[in-house]
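Reading through the structure tokens given below for one structure.
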Amino acid sequence: MEAAYLAVARFRKPHGLKGEALCWVLTDDPERVFAAGQQLTPLDAEGRKAGEPLEIEQGRRYHRSWLLKFRGIADRSELERWDQRVLGVPEDELRPPGEGEMYEHEVSGATVIVAGEAVGQVTDVLDAAGARLLAVDVGGREVLVPFRKPIVVHLDRATRRIEIDPPAGLLEL
């Protein structure tokens, strides 16, 4: 049986001329996941293996992202064809989520709770300018909710519930 993969990085663009990839971080353990010698596997939209693993030669923080240099990629020409490629690792190689945490792929479909009452369901997690947003179906309307504290109060992975404390009027927009 093929290993279940989880996304840990999304390629943004080539950086420089020597084959470094600027990547968005999708893991809370980047120092370990992006260490030299680790392998990242290209994934398709469903999270299945979509190419051969790439070995990290060097990884380092770069502002809010990471720069990754892969063994065998010597210049930017190959990276220019990647177009938002998602990279992952087998699920069993990652630290399981702790209390109050969820894997990102578990967030879609979660029930949104306000003051103990279900108000909607998450349909997507979106990247916006410097922020993550939950797209929540509230009575047939899509409402965008910042995916951060203090608005997100608690994540319950076992019951797939996300408790929020939205500012007044947010759910009526």
Taking the stretch 12-45 and keeping residues in a strand (DSSP E or B), over 11 Å from the mean Cα position of the chain (by Cα) and surrounded by fewer than 19 Cβ atoms within 10 Å (Cβ to Cβ) leaves R12, K13, H15, L22, Q39, P42
Quick check: anything in the stretch 121-138 small (G, A, S), within 23 Å of R48 (Cα to Cα), in contact with a Leu (Cβ under 7 Å, 6 or more places away or on another chain) and in a strand (DSSP E or B)?
-> no
Counting only residues in the stretch 145-159 that are surrounded by fewer than 17 Cβ atoms within 10 Å (Cβ to Cβ) and within 19 Å of L126 (Cβ to Cβ), the one nearest to the chain's Cα centre (by Cα) is identified as R148
Given the conditions (1) in a strand (DSSP E or B); (2) over 20 Å from E106 (Cα atoms), every one holds for G51 apart from (1)
Review point. Looking at this structure, is R48 without any contact (Cβ under 8 Å) to a residue 60 or more places away in the chain and in contact with a helix residue (DSSP H, G or I) (Cβ under 8 Å, 6 or more places away or on another chain)?
Key: no
Within the stretch 110-163, residues closer than 30 Å to R12 by Cα and of a type in the set (S, T, N, Q) come out as Q121, T123
Counting only residues in the stretch 55-90 that are surrounded by fewer than 14 Cβ atoms within 10 Å (Cβ to Cβ) and either within 24 Å of D124 (Cβ to Cβ) or outside the structural domain of P30 (by TED's automatic domain parsing) (or both), the one modelled with the highest pLDDT is identified as R64
Matching residues in the stretch 109-133 (touching a helix residue (DSSP H, G or I) at 6+ places or on another chain (Cβ under 7 Å) and at pLDDT below 95) number 1
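The values are calculated or read from the model by the stated rules, or taken from the named source; none is laboratory data. These numbers come from a predicted model, not from an experiment. Note: ideal-geometry Cβ built from the backbone for every residue, glycine included; neighbour counts use all protein chains shown.
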